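The values are calculated or read from the model by the stated rules, or taken from the named source; none is laboratory data. Since the model is a prediction, treat every value here as computed from it, not as a measurement. Glycine also receives a Cβ, built like all others from the backbone with ideal geometry; neighbour counts cover every protein chain displayed. For the accessible areas, the whole protein counts, side chains as well, though only heavy atoms, and no ligand, DNA or RNA atoms are used. Shrake-Rupley method; radii C 1.70, N 1.55, O 1.52, S 1.80 Å.
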Amino acid sequence: SSLSKSHHHKPLLPLDSTDYAGFFFSTLGLMIAAGGGIGGGGVLVPIYILVMGFSPKHAIPLSNITVFGGAVANTILNVKKRHPLADRPLVDWDLILVMEPLTIAGALMGAFLNKLLPEALLVVSLVALLSFTAYTTLKKAIRMYTAETRAMLAERGSARVREDGTKESELTRIAREQEEEEEEEEEERGVCRSW
């Protein structure tokens, strides 16, 4: 074969333990990503490289098509759902119209760079990007956790009791309070305009 050893991958069949482990961790990664509302490529690429033994040049496009499959499944599941706090669809179609042209352009540029750049540079770039993303995500998670904990401690007994005797969740209460504050601000703006 004219392909070097680093660019050769075993045939799909017969499946072995690395394939099963890769399928399991990829599925788990996609489920967590879907729950968080993100694609999951940052989780899938390392799984494909470290668990399934793909080269970075093959793992990156494979993760792209896997994320695409997850996005199609999420769209099918969520297209008819309504937003819980607003009178609109759950899927924000206007945001998609704004974001997707840039996302597609970025994916095309990434595909060209994947073909042109050496594998070592791809790995260094991937590690740098994933490290930065993990750091910023962790920082935001800690900030959100701290704010939510403060809010829960400050207003421990302020949750509303529903007709069926259950209390509303903290997230529902926070969302309700934000909505009430926004309504008050809109009313104040309306009063200021009438002067």
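Descriptive notes on the structure:
- Heavy-atom accessible area ranking, 1.4 Å probe, most first, across Lys10, Lys80: Lys80, Lys10
- Think of a 1.4 Å ball rolled over the protein heavy atoms: the chain then has 77 Å² of accessible area per residue.
- For the chain, the Cα gyration tensor yields ellipsoid semi-axes of 43, 21, 18 Å (square root of five times each eigenvalue, largest first, whole Å).
- Per-peptide average of other Cβ atoms within 10 Å, ordering 107-119, 64-76 highest first: 64-76, 107-119
- With all protein chains modelled, accessible area of Ile60 [1.4 Å, Å²]: 40
- Lysine-lysine proximity count for the chain, Cα under 30 Å, sequence distance 8 or more or distinct chains: 9
- Across the alpha-carbon atoms of region 59-113, the computed radius of gyration and Dmax are 14.0, 42 angstrom.
- Adding -39500 (n - 2.57) for every DSSP H run of four residues or longer, then dividing by how many residues the chain holds, sets the calculated 222 nm ellipticity at -24000 deg cm²/dmol.
- Kyte-Doolittle mean at least -0.5, axial Cα span of 30 Å or more - DSSP H helices of the chain: 56-78, 93-116, 119-154
- Taking the accessible area of region 1-109, probe 1.4 Å, and keeping the other protein chains in place, the carbon and sulfur fraction comes to 73%.
- Ordering 126-136, 15-25 by mean Cβ neighbour count within 10 Å, with the highest value first, yields 15-25, 126-136.
- Whole-Å distance, taken between Cα centres, linking region 11-68 and region 119-155: 21
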